[in-house]
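The values are calculated or read from the model by the stated rules, or taken from the named source; none is laboratory data. Note that the coordinates shown come from a computational prediction; the quantities given were computed from them, not determined experimentally. We place every Cβ from the backbone using ideal geometry, glycine too, and count neighbours over all the protein chains shown. Keep in mind that these areas ignore ligands, DNA and RNA; they rest on the heavy atoms of the full protein, side chains included. Shrake-Rupley method; radii C 1.70, N 1.55, O 1.52, S 1.80 Å.
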Amino acid sequence: MEQKILSLAAEENPDGLQRYLQTVKDPELVSIITKNAVKGKDAGTLLRGIFKGSPCSRDEGVRRRLVVYKHCIQLAESGDLQPEVASEIVGLLMLEVHQLPGAFLIELANLFVEAVKGGGFSNGKSLELFPSVLTALSSKESLSYGKGELTGEEYKKQLINSLCSSRWDPQCVIHLTCMFRDVPLSTEELQFVVQKVIRMLNKLDLQEMPPLVYQLLLLSAKGCKRNILEGIVTCFNDLDQKQAEEQKSAQCLDLEEATIPQDQLRHVEGTVILHIVFAIKLDQDLGRELVKYIKAGQQGDVSHILCPFSAALLLSVSRIQRFEDQIFDFLKTTVMKGFKDQQLQQGSKFLQDLVPQPNCVSTVFLETVKNSGYGWDHVTQGLVELGFLLMDSFGPKNVAGAKLTEATTSASKTPTQQACQLGSKILLETFKVHEPIRSEILEQVLNRVITKATTPIGHFIDLLSDIVISAPLILQNSSSKVTEAFDHLSYLPLKTVQGLLKAVQPLLKISMSMRDSLILVLRKAMFSSQIDARKSAVAGFLLLLKNFKVLGSLSSSQCSQAIGASQVQVDVHTRYNSAANEAFCLEILGSLRRCLSQQADVRLMLYEGFYDVLRRNSQLSSSIMQTLLSQVKRYYEPEPDLLPPLKLESCITANGEQIFLQEPLAHLLCCVHHCLSWYRGSLQQKRNSDEDDEEEEMGCHQDLKDILESVTRRMIKCDLEDFELDKSADFSLTSGVGVKNNIYAVLVTGLCEVLIEYNFTSANFSKSKFEDVLGLFKCYSKLSDILKEKAGKGKSSGNNKMSRSLVSMGFVCTLLTALFRDSARSHEESLSVLRANLDFMRYSVCVALQKIQQLEDNGVTDGPDGQSSEKMFKCICEITRVFLWRYVSIPTSTEDSGKKDKGKNISLLCLEGLLRIFNIIQQRYRHKIPQFLAALDGDQEGTEEINVTEKIAFHIKQFQRSVLNQLSGEEDDFNSKEALLLVSVLSALSRLLDPASVQFVQMLSWTVKICKESNLDDVQFCKGLMNLLFSLHAQFKSPVTVLRELCQDIHGHLKDIDPDIEVETQSHFAIVNRKTAAPTVTLLVLGQTAKVLDEVDWLITKLKGQLGSEKIVSDGSTQALNPREPMEKAITLQMGTLLTVCHELVQTALPFGSCTDSLLKELAKMYTILTSLIKYYLQVYNTQAGSLPTRLEKLVKLSGSHLTPQCYAFITYVQNMQNESLSVAGEKKKKKKEEAALSTAKILRDTKPIPNLIFAIEQYEKFLIHLSKKSKVNLMQYMKLSTSRDFRINAAALQEKESEDEENEPDNEQSVVEEQESQEPQKKKRKRK
């Protein structure tokens, strides 16, 4: 039969072919087609013959064609055909489809739709025909549909809509997506298709996702690029969250299998990212849409667009140069915005209740780093660039005149510090995860340490230290880079050198070549002409001696091996040749001894480092003690009766007329004392040396001890005249004698302090020793008083301004505990000697304050163990116990300190110390707060069971009682400084309370009560109390109601701007009175108003972002469920209350200056935010996402009736006061023209806020008009125009100006015109301001 058909077709006999085909039944025809197709024999020729004998002009021919089409579609899907045969058949069908009439095309199209709905497509080969069917349909002008007619395009749209609304078999999604690429689609149809495919994306198996994403990206060439990218990002974000939840629940339930395997998901995500990046490289528009998408989402909740997957995608795309800058700018801005938003939200209960806490941006990027370990090599370069970008952009900067302090370790870092820390974490984690990139990270860190030496680089050194600690053995491969960095040590600042060497110290233990290179560099630096280089060499050698307990042999290479072994396996270090070890140590010490003949700064470093070397490398004690003894003997007078006992003149040197300190003698003796103390302690624990060595060491130590004893005896006998430092001596810094005397005085006071510490620590509570201590203190005190008198010329500078003390923190802790808390009867008699001297008691507290200040500023203190965080914490705990007991048990009011010494009250100093300590604990030891509170109770155990809030509340009550005692006494007995310190302490402690606790509410209630009942004129106390009130209120609820009451009080005390109006004096808060109302309370209220306005502005921005990201629903039924309504309501209520706050202030007769300026600025800000709110509602109308609420109309009405008219009146009031100031300036002009010009310029500058305010009001009214037109609600009926914005000529001022011009009339009339032209515009501009 098939041969007959083929022969008839070949004979070009269409009539005969048609007649024959009419005799062939459909089953026979189908069977022939199947047989030929399966065999792959002449299937295409057969089909051509059938189509030739089935013309579309006859119904029978069309019917036969339809049968053939249906059967061929089934054949192609069956999978029985060879691929090339199936392709040939489908190709023939595609060529002939356009000849089919519309009705049959519809039937054919419905066949495809039903097959999709029924899941009838297995390989999707026949789907290649569907685009041709749809194209043919769309070309038909009219098609019958039901009882009516549709055009081909409309019917195609119905088909696609029906297809996309049906359920798809996951197996055919990829084929359908591929098919739609060949279908001509309108924008609306494409959106239907894309939305359907995106919905199907997360229903596929993980392995099927990359091919579908690939097809989607190809489909994006037609349009809907943003929808496709957004859908892909959202899908994988959801998968990540689901996987994380499963992993968390699996850990809890101990499940073995998860529905989403993590490793498989990560590999799929990596492949998808590669597909997208490749597509963007081919289609730049796709990249531009990605950038637009992320930037649009930046205004709303960033967590919707920034997730680990999207972060990885952006970092991969950043390798395309065209998008690099845009993406990194976005990421940098987003990180900063995320931290700022987090800080703003954490500080406001109002915002916490309205907006859920978003995911931390740090978590997103660190999760991206973790995920990139699954073979995402295309992400690593972007991670490294981002990490360094954050560290470079947000690292500490040099600010002129500002004191640079190291970054605090507290949890409450600034957003800038958090961003810098995030960059460091990204680099560290990337370093750990990705081996190929390690070398580049290390190189870039070292480059920054070396090249940015003039800027703060502590964050880079910290990162380097973390990198070295994380993988010291791996870094051996990069030792050459570290060695190259050593070559620059001589040119780097000392602090940088110390940080760098400390950071790479673990590498020195395992790399011989690195140690050899360092030692060579240090030896060269020791002979450098630059003093900083020599100091760096000292620092390096001391570090070697401190950190390497055992050195292997004389040669540096061999000793290196021993160092490594000794650090890795400490137990066997005694097996090495001790003589060789000591010889090498002595070689380093020999290099360091050269420093003893250099400048004072170099010697000072050596003296400060010897104790740590001795403590960590005890076998060097003999050599170090011998060195110190020989150095001390150079300045010691051996004659037992000779005064003074030390040769001070040898400690200074002259260079021309300039005199310098050559030998820091006090530091030398300080070093001797601490080394002797260490020796006394170690002698009791360890006696393993030979007898001869012990005798030698004992002799050396005994000599030093005898010297200190002799110096002590003779220093007590010395008068100031013995040092030529009596009251008549010259202490001016302008003469050589004065400089010399100042150096002598510093040396003598330092010596006294060192000897005080030595005698106290070695006294063992001996009464005679304590009397020696007082004798030394007498000498110190006399000289210190003279210095203060000369420096301050009679003005007391306060004991806390004392010169830098040389006593150690450990001694201060021991001394305070003995003086204030030691109740042992055996010690009572000896301690009474010291306790009877009030000046010595005060001195001990002042020194403690100085040490605490050092710890607060730098995190370390001078002296032994000052670098040890743990030991400093223990000292802080002990000192706090002493200060707390002293202040609570002996109030300042009962302390007898004399009228002239009232400012030096010991209890007051203790209170100041407590304030500083509470701040230090929160800044640097926040993780140890439970241990700190336990230590205050004397309990070092059971810290885990401590309830921090309860303990803090207990201490708060103690200080609250002190505040009440201050307030309940007579007005003359009120101590302003103590009251302010108490409020500051309460403020510091309240930050540790849980805002949700009962104790916090009690604290807030107590503060409100004090503010309402205390009628004090003390401005500073008022300021501290109000700040405490506001800080507490912000954690509890919004303080707007308090602000309104405060403004009513201010208005009542300062009266109205209209003198004819009498204001009823209200007193909600007694703390507000005529003295404190302005500027103190007014400025604080305005500052708090600015914070609330910032919060409202932030919320409006959030609302706009939410509005932009919401999907617009076609039917309006969902508008009743407005998810933004709670925020909209809260914003309107806040703005309404703030309007009443400003309504009160704007009518108040505020003094001209800072108060009026601040109010004008806040009013302008108020109108700017009102304008922003109106713009938001305009956006609501533009997107048809809602309507105008009644509460907004009330807010606009309130602004028009209660604020705008009063603003114009206040502007007039300010301008009148300005004119008075200008007239005063004009009177001064006749006397001093320069001063008058400066005064006039200042006034003009200060009145700049007026035009800004008027502009803000005009902008507000402009957008009100727009909103009125959109909403069909006349909002402008509440607004009244004023003449304050009009140009006004001040006639009196003009006449005065003309009279001045006539008096100074020049000869040339032309010059008069020029002068008027040059001066008038300036005056006119001034008037308008």
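What to note about this one:
- Only one of Val1072, Val1096, Val1092 that is in contact with a Leu (Cβ under 7 Å, 6 or more places away or on another chain), open to solvent by less than 20 Å² (accessible area, probe 1.4 Å) and either part of a helix (DSSP H, G or I) or without any contact (Cβ under 8 Å) to a residue 24 or more places away in the chain (or both): Val1092
- When the residues of region 521-542 are filtered to those that are of a type in the set (Lys, Arg) and farther than 12 Å from Val497 by Cβ, the one that is most open to solvent (accessible area, probe 1.4 Å) is Lys524.
- Candidates are the residues of region 727-750 that are among the aliphatic types (A, V, I, L, M) and open to solvent by 40 Å² or more (accessible area, probe 1.4 Å); the one that is nearest to the chain's Cα centre (by Cα) is Val746.
- Within region 638-653, tally of residues that are farther than 14 Å from Gln598 by Cα and surrounded by fewer than 22 Cβ atoms within 10 Å (Cβ to Cβ): 10
- Boolean, Asp994 is assigned to a loop (DSSP other than H, G, I, E, B) and open to solvent by 10 Å² or more (accessible area, probe 1.4 Å): yes
- Residue within region 652-660 that is under 16 Å from Ala745 (Cα atoms), part of a helix (DSSP H, G or I), in contact with a strand residue (DSSP E or B) (Cβ under 8 Å, 6 or more places away or on another chain) and modelled with pLDDT of 85 or more present: no
- Test for Glu663: is it of a type in the set (D, E, K, R), in a loop (DSSP other than H, G, I, E, B) and buried (at least 18 other Cβ atoms within 10 Å of the Cβ): yes
- When residues of region 223-258 are limited to those that are modelled with pLDDT of 85 or more, open to solvent by 30 Å² or more (accessible area, probe 1.4 Å) and of a type outside the set (Lys, Arg), the one farthest from Gly270 (Cα to Cα): Asn227
- Every pair of residues 6+ apart whose Cβ atoms lie under 9 Å, when the first sits in region 878-897 and is open to solvent by 50 Å² or more (accessible area, probe 1.4 Å) and at pLDDT 75 or above while the second is of a type in the set (A, V, I, L, M) and part of a helix (DSSP H, G or I): Glu878/Leu816; Glu878/Ala935; Arg881/Ala935; Arg881/Leu936; Ile890/Ile906
Residue by residue, here is whether (1) over 35 Å from the mean Cα position of the chain (by Cα); (2) not aliphatic (A, V, I, L, M) holds:
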site: Ile457; (1), (2): no, no
site: Lys481; (1), (2): no, yes
site: Glu484; (1), (2): no, yes
site: Asp487; (1), (2): no, yes
site: Val504; (1), (2): no, no
site: Asp516; (1), (2): yes, yes
site: Leu520; (1), (2): yes, no
site: Gly540; (1), (2): no, yes
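Yes or no, residue by residue, for (1) at pLDDT below 75; (2) in contact with an Asp or Glu (Cβ under 9 Å, 6 or more places away or on another chain):
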{"position": "Ala1078", "(1), (2)": "no, no"}
{"position": "Leu1083", "(1), (2)": "no, no"}
{"position": "Glu1095", "(1), (2)": "no, no"}
{"position": "Thr1101", "(1), (2)": "no, no"}
{"position": "Gly1105", "(1), (2)": "no, yes"}
{"position": "Glu1110", "(1), (2)": "yes, no"}
{"position": "Val1113", "(1), (2)": "yes, no"}
{"position": "Gly1116", "(1), (2)": "yes, no"}
{"position": "Leu1121", "(1), (2)": "yes, no"}
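- In region 587-607, of all residues being out of contact with any helix residue (DSSP H, G or I) (no Cβ under 7 Å at 6 or more places or on another chain) and touching a residue at least 12 places away in the same chain (Cβ under 8 Å), the one that is surrounded by the most Cβ atoms within 10 Å (Cβ to Cβ) corresponds to Ala600.
- All told, Leu628 falls short of being closer than 28 Å to Leu683 by Cα, under 48 Å from the mean Cα position of the chain (by Cα), modelled with pLDDT under 85 and crowded, with 16+ Cβ neighbours inside 10 Å.
- Qualifying residue in region 348-363 (condition: touching a residue at least 40 places away in the same chain (Cβ under 8 Å) and among the small types (Gly, Ala, Ser)): yes
- Matching residues in region 1022-1048 - criterion: being aromatic (Phe, Trp, Tyr) and closer than 27 Å to Gln1147 by Cα: Phe1030
- Candidates in region 449-471 are the residues that are part of a helix (DSSP H, G or I) and in contact (Cβ under 8 Å) with a residue 60 or more places away in the chain; of these, the one that is surrounded by the fewest Cβ atoms within 10 Å (Cβ to Cβ) is Gly458.
- Pairs, first without any contact (Cβ under 8 Å) to a residue 12 or more places away in the chain in region 953-975, second surrounded by fewer than 13 Cβ atoms within 10 Å (Cβ to Cβ), C-beta under 7 Å, six or more apart: none
- From the options Glu724, Glu753, residue that is buried (at least 17 other Cβ atoms within 10 Å of the Cβ) and among the charged types (D, E, K, R): Glu753
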